[in-house]
Structure formats: C-alpha cells, structure tokens
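Trainee: I have a structure here, written as structure tokens, and I will follow up with some questions on it.
Nothing in this text is a laboratory measurement; each read-out follows from the coordinates by a stated rule. Quick caveat, the model's predicted, so the values are computed rather than measured. Note that each Cβ is placed from the backbone with ideal geometry, even for glycine, and that neighbours are counted across all protein chains shown.
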Amino acid sequence: MPGKLFITETYLIHKPNDYFTEDLTIPFHDIARIEGAMTKVLGRNMLSNLLDVETKSGKKYQFIINKQKKWLAAIEKVLATRGEIDKLVKK
C-alpha cells in the first residue's frame, strides 16, 4: 500500500497517498504477528524492505518500508514495553 507508516505506543497507522481514501489503524493488541520480509525479484530475495503484519482475525497486510532494521527495532521497543515481544518474528 503506497503511503506513510507510523507507530505509536498503541497503534500501527498507515496514511495512504492521495488517491487512496482511508487511513488504516491497527491496534497492537489486535496484531498476531509482525515480520520483516524481503522483496523477491525472479524468485530471489533482493531487498529487505517489507513489513508483514497479520492480525488476530487473520487479515494480512504488507507495507513497503525504507530502513527495515530501524523499523523493526522501533516496533520491538514498543512491543517490549507492551509485554508483547513474542509477536515480532525474528529471522
């Protein structure tokens, strides 16, 4: 989804670009799994620039992000503070 991603102590928020209309707000308590992933080109992992999020209800979202390591570190900090560090899948 093109747009900007934000995190707070409570939510993961996606604000879409102009041609999409609705913000996506996912409460951390509704998230089952968060994982960094790689963009594949011709079946090969090429770029560490994806964030996969799955909710407890089974909805899956994939966000393209820059500086994946920094995002994962920030998310890890929030989840640790919330006592939900097990939601972050590390490879």
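Trainee: Using a simple charge model, +1 on the beta-carbon of Lys and Arg, -1 on the beta-carbon of Asp and Glu, nothing else, what dipole does the chain show about its Cα centre, in debye to the nearest 20?
Mentor: 440
Trainee: Determine how many Å³ per residue the convex hull of the Cα atoms of the chain encloses.
Mentor: For the chain, the hull spanned by Cα atoms encloses 105 Å³ per residue.
Trainee: Which listed residue (I64, L24, V41) has the Cα farthest towards the positive end of the charge dipole for segment 3-85, taking +1 on Lys and Arg C-beta and -1 on Asp and Glu C-beta about the Cα centre?
Mentor: V41
Trainee: Would you compute, from DSSP H runs of 4+ residues alone, the mean residue ellipticity of the chain at 222 nm, taking -39500 (n - 2.57) per run and dividing by the full residue count, rounded to the nearest 500?
Mentor: Values: 1 runs with 15 residues, N = 91.
Rounded to the nearest 500, the figure is -5500 deg cm²/dmol.
Trainee: Could you give me the ³J(HN,Hα) list for segment 67-72, computed from phi with Karplus coefficients 6.51, -1.76, 1.60 and θ = phi - 60°, whole Hz, x at Gly and Pro?
Mentor: 6, 3, 4, 5, 4, 5
Trainee: How large is ³J(HN,Hα), in whole Hz, for each residue of segment 24-29 in order, when computed from phi with the Karplus curve 6.51 cos²θ - 1.76 cosθ + 1.60 and θ = phi - 60°, using x for Gly and Pro?
Mentor: Those phi angles translate into 10, 10, 10, x, 4, 5 Hz.
Trainee: With a sphere of radius 9 Å drawn around the Cβ of E54, what net charge do the other residues whose Cβ falls strictly inside it have (Lys, Arg +1; Asp, Glu -1)? Please list the in-between numbers first.
Mentor: On the way: positive: R33, K56, K59, K60; negative: E35, D52.
Summing Lys and Arg as +1 and Asp and Glu as -1 gives +2.
Trainee: Right, next: Taking amide H positions as placed 1.01 Å from N in the peptide plane, with prolines and chain starts having none, which residues 5 or more places from I65, or on another chain, fall under 5 Å of its amide H?
Mentor: L50, L51
Trainee: Follow-up. Pop out the ³J(HN,Hα) list for segment 80-86 in order, Karplus 6.51 cos²θ - 1.76 cosθ + 1.60 with θ = phi - 60°, rounded to Hz; leave Gly and Pro as x.
Mentor: After applying 6.51 cos²θ - 1.76 cosθ + 1.60, I find 5, 4, 7, x, 10, 4, 5 Hz.
Trainee: Quick check: pseudo-label points 7 Å beyond the Cα along Cα→Cβ at A80 and E9, how many nm apart are they?
Mentor: 1.6
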